[in-house]
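Quick notes on the structure that follows.
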Amino acid sequence: MRKLLLFVVAGLLIGCGGKKEAKKDPWDEYAPKVQAKFDEAVSKEDTAALKALTDSLYAFYKSHDDSTSKQGRKKALYFACNWSFAAFDWDRVLKYCGEFVTRYPGSVKAEEAYRFIGFALLQQKRWDDVIKVMETFIRDYPESSNLGYAYKYLGIALSHKGRYDEAKKALKKAKTMLEVLGAYDEIQEIDDMLKKLGG
């Protein structure tokens with residue numbers, strides 16, 4: 001009887017293909033559509049369309065769970081963060097990139113999201129927040145290729161707070177790190193700041 005039962009179960013598996021059909025990730029259908037809209041918005045320099053796309057990406061992230069779209073959700077949130085930066089929408093950068101670094105701190109993309117947050121905070125002249133966030137980034141990601149930017153943003157914020165010696169130290173570190181990346185425009189900016197600070 002047991003052998004017969006095994007034979008029947010095996011026959012059912014073979015008859016059904018023996019495999020479970022893989023669930024489709026909704027991201028696979030959504031991504032090409034949203035990418036086409038992004039390309040169009042960028043070509044027309046349409047920041048309103050970019051902002052709408054970032055909201056759409058965030059809505060995708062919020063409306064799916066990890067069981068249906070784990071990688072898709074992560075990508076949607078990252079693109080919401082990244083495209084907000086492209087749209088110079090500092091409030092959305094802080095919201096979407098902030099959520100990305102909180103939700104996916106181990107991702108390589110979290111390092112870039114931190115850089116976007118630092119830049120957005122600088123644009124809003126939130127010096128204390130820049131210092132706090134960049135110090136956290138430097139502490140938590142000591143090997144990041146984005147550290148040069150973190151030290152630059154930290155130096156700028158420290159100089160606005162009147163902490164000139166600390167600012168010079170941070171800016172000199174930033175310059176050394178950005179030289180490795182060949183970020184010459186950034187380096188020129190830092191040299192100009194150091195001259196103003198007498199360093």
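The values are calculated or read from the model by the stated rules, or taken from the named source; none is laboratory data. Just so it is clear, the structure is predicted and the values come from calculations on it, not from any experiment. FYI the Cβ positions are ideal-geometry reconstructions off the backbone, even for glycines, and counts take in every protein chain you see.
In the set (1) farther than 26 Å from Ala110 by Cβ; (2) not in a helix (DSSP H, G or I); (3) not basic (Lys, Arg), the condition left unmet by Asp191 is number (2).
Of all the residues that make up the range 25-82, how many are of a type in the set (Ser, Thr, Tyr) and surrounded by 15 or more Cβ atoms within 10 Å (Cβ to Cβ)? Even if it seems obvious, please write down each step before you answer.
Taking the range 25-82 first, the residues of a type in the set (Ser, Thr, Tyr) are 30, 43, 47, 54, 56, 58, 61, 63, 67-69, 78.
Filter once more, keeping what is surrounded by 15 or more Cβ atoms within 10 Å (Cβ to Cβ): 30, 54, 56, 58, 61, 69, 78.
So the count comes out to 7.
Mind checking which residues of the range 90-120 are within 22 Å of Ala41 (Cα to Cα), crowded, with 19+ Cβ neighbours inside 10 Å and charged (D, E, K, R)? Give the derivation first.
Step one: filter the range 90-120 for residues within 22 Å of Ala41 (Cα to Cα), giving 90-97, 113, 116, 120.
If we keep only those that are crowded, with 19+ Cβ neighbours inside 10 Å as well, we get 90, 92-94, 96-97, 113, 116, 120.
Of everything in the range 90-120, just one residue is within 22 Å of Ala41 (Cα to Cα), crowded, with 19+ Cβ neighbours inside 10 Å and charged (D, E, K, R), namely Arg92.
Taking the criterion of being closer than 23 Å to Trp90 by Cα and among the aromatic types (Phe, Trp, Tyr), would at least one residue in the range 157-177 satisfy it? No: zero hits.
Every residue, every condition in (1) in contact (Cβ under 8 Å) with a residue 12 or more places away in the chain; (2) at negative phi; (3) of a type in the set (Lys, Arg), yes or no:
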{"residue": "Leu121", "(1), (2), (3)": "yes, yes, no"}
{"residue": "Arg126", "(1), (2), (3)": "no, yes, yes"}
{"residue": "Glu143", "(1), (2), (3)": "no, yes, no"}
{"residue": "Tyr153", "(1), (2), (3)": "yes, yes, no"}
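All told, Gly15 meets the bar of being at pLDDT below 55 and loosely packed, with under 10 Cβ neighbours inside 10 Å.
Filtered by the rule that a residue be among the hydroxyl-bearing types (Ser, Thr, Tyr) and either more than 23 Å from Val180 (Cα to Cα) or surrounded by fewer than 24 Cβ atoms within 10 Å (Cβ to Cβ) (or both), the range 130-150 gives Thr136, Tyr141, Ser144, Ser145.
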